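Quick note: the coordinates plus some simple rules give every number you see, no bench work behind them. Remember, it's a predicted structure, so these values are computed and weren't measured experimentally. Backbone-built Cβ (ideal geometry, glycine too); neighbour counts: all protein chains shown.
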Amino acid sequence: MAVLLRWRGRQIAEQQVAFIRELIAANPQDSRRRISQRLCEAWEWRQPNGELSDMLCRGLLATLERAALIELPPRRRRPLNPLAGPRARPARIEVDRSPIESTVKGLGPLEILQVRRTEWERLYNSLIEYEHYLGYCHPVGEQLKYVVFRADRPIGCLAFSSSPRHLGCRDRFIGWTAEQRKANIRLLAYNTRFLILPWVRVPHLASHLLGRIARQISRDWMAVYRHPLYLLETFVDTERFAGTCYRAAGWQELGLTTGRGKADQTGKPNRSIKAVWGLPLDRDFRRLLATGPIEHG
């Protein structure tokens, strides 16, 4: 059977395209979103947490339409896409900027609050946008955001999201096959942002927070996405930082990036080289990443 399209590792042949055409014809009143949902249900396209892979499916439908292989119903509305067009900056939320100088012990109790999909998410977005040197970037895939509080004052932020699919030094460290990586990449998370607010001057606070987050993040991920994590990773810009706080928190330097980026077609570096750091969350992480978690009914 001739393959018409390869989509995210799947082969789409004439038989599948014919099925989509029949689905559209049989449901003339459906919106594009409903067509996508019906197709996900028919093909059992689901995320690891059991929800329909609606965005993945809509991407496939749009690609087939651009190739003139199907005709979708007219768009009924154009929802705001945070990944397209000019980015609106998060609103600034003013916080107490008076200096905090202390030891970790002297800070007293700290709360690391997971703020994704809560009223505190706007505070995280604001702090990252206006206090982190990279600013705020809308994450993709699975993601969690944290704000660290001392009493009622925020003192830091962390964020984690889905890991890059291909990363040579990490994949060699794990020792998994391409098939195992494809099946279990969801069991890794990438530390995309880490911020200690500039007016907070507390020695060893960064490594303390990295150690704390490592003990709770898999549990938090399970609560939101219904699967654990077995390895954390991050990139450290070697032109700015030495990765000292990660080393102090038990992370390992796994190697260097190529400096080419995932969309490179030249084979030549086009961005700064970054060190890749990783932290196993389970002693048996290699076996777990090769086999995946045990599913409980």
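Which angle between 0 and 90 degrees, to the nearest 10, do you get for helix 14-26 versus the longest principal axis of the chain when only C-alpha atoms count?
For 14-26 against the chain, the angle is about 80 degrees.
For the chain, find the longest principal axis of its Cα atoms and tell me its angle to the long axis of helix 121-131, 0 to 90°, nearest 10.
Compared with the principal axis, the helix lies near 60 degrees.
Aspartates and glutamates within cross-link reach of LYS145: Cα-Cα under 18 Å, excluding same-chain residues under 8 positions apart?
Reachable aspartates and glutamates: GLU111, GLU119, GLU121, GLU129, GLU131, ASP220, GLU233.
What percent does the relative contact order of the chain come to when contacts are Cα pairs within less than 8 Å and at least six residues apart?
Working: 417 pairs, mean separation 40.9, N = 297.
Reported relative contact order: 14 percent.
Quick one: Debye curve from the alpha-carbon atoms of the chain only, equal weights, vacuum; give me log10 I(q)/I(0) at q = 0.07, 0.15 Å⁻¹ to two decimals.
Relative scattering, expressed as log10 I(q)/I(0), comes to -0.34, -1.32.
Roughly what angle does helix 54-66 make with the longest principal axis of the chain, taking Cα atoms, 0 to 90 degrees, to the nearest 10?
It works out to around 50 degrees.
What number, rounded to the nearest 500 deg cm²/dmol, is the helix-based mean residue ellipticity at 222 nm of the chain, given -39500 (n - 2.57) per DSSP H run of at least four residues and division by all its residues? Write down the numbers at each step before the final one.
On the way: 9 runs with 96 residues, N = 297.
Mean residue ellipticity at 222 nm (helix-derived): -9500 deg cm²/dmol.
Using modelled amide H (1.01 Å from N, peptide plane; none on Pro or chain starts), what sits under 5 Å from the amide H of THR192, excluding residues fewer than 5 places away?
When sequence neighbours closer than 5 places are left aside, the close amide H contacts are ALA159, PHE160, SER161.
Enumerate the amide H contacts of GLY255 below 5 Å, restricted to partners 5 or more residues apart or on another chain; note that Pro and chain-start residues carry no placed amide H.
Excluding prolines and chain starts, which carry no amide H, the hits are VAL276.
Can you give me the long-range amide H partners of LEU52? Hydrogens built in the peptide plane at 1.01 Å from N, cutoff under 5 Å, separation of 5 or more residues or another chain.
HN-HN under 5 Å from LEU52: GLN47.
Specify the longest stretch of the chain that does not include any exposed loop site, a site being one of the GluC sites (Glu not before Pro) with a non-H, G, I, E, B DSSP assignment and at most 16 other Cβ atoms within 10 Å.
Values: sites that count: GLU44, GLU51, GLU71, GLU94, GLU119, GLU239, GLU295.
Here the longest segment lacking exposed loop sites spans 120-238.
Rounded, prolate or oblate for the range 3-66? Axes are the square roots of the Cα gyration tensor eigenvalues, ordered a ≥ b ≥ c, and the cut-off for rounded is a/c under 1.5.
Details: a/c = 1.63, a/b = 1.03, b/c = 1.58.
Oblate is the answer for the range 3-66, as a/c is 1.5 or above yet b/c matches or exceeds a/b.
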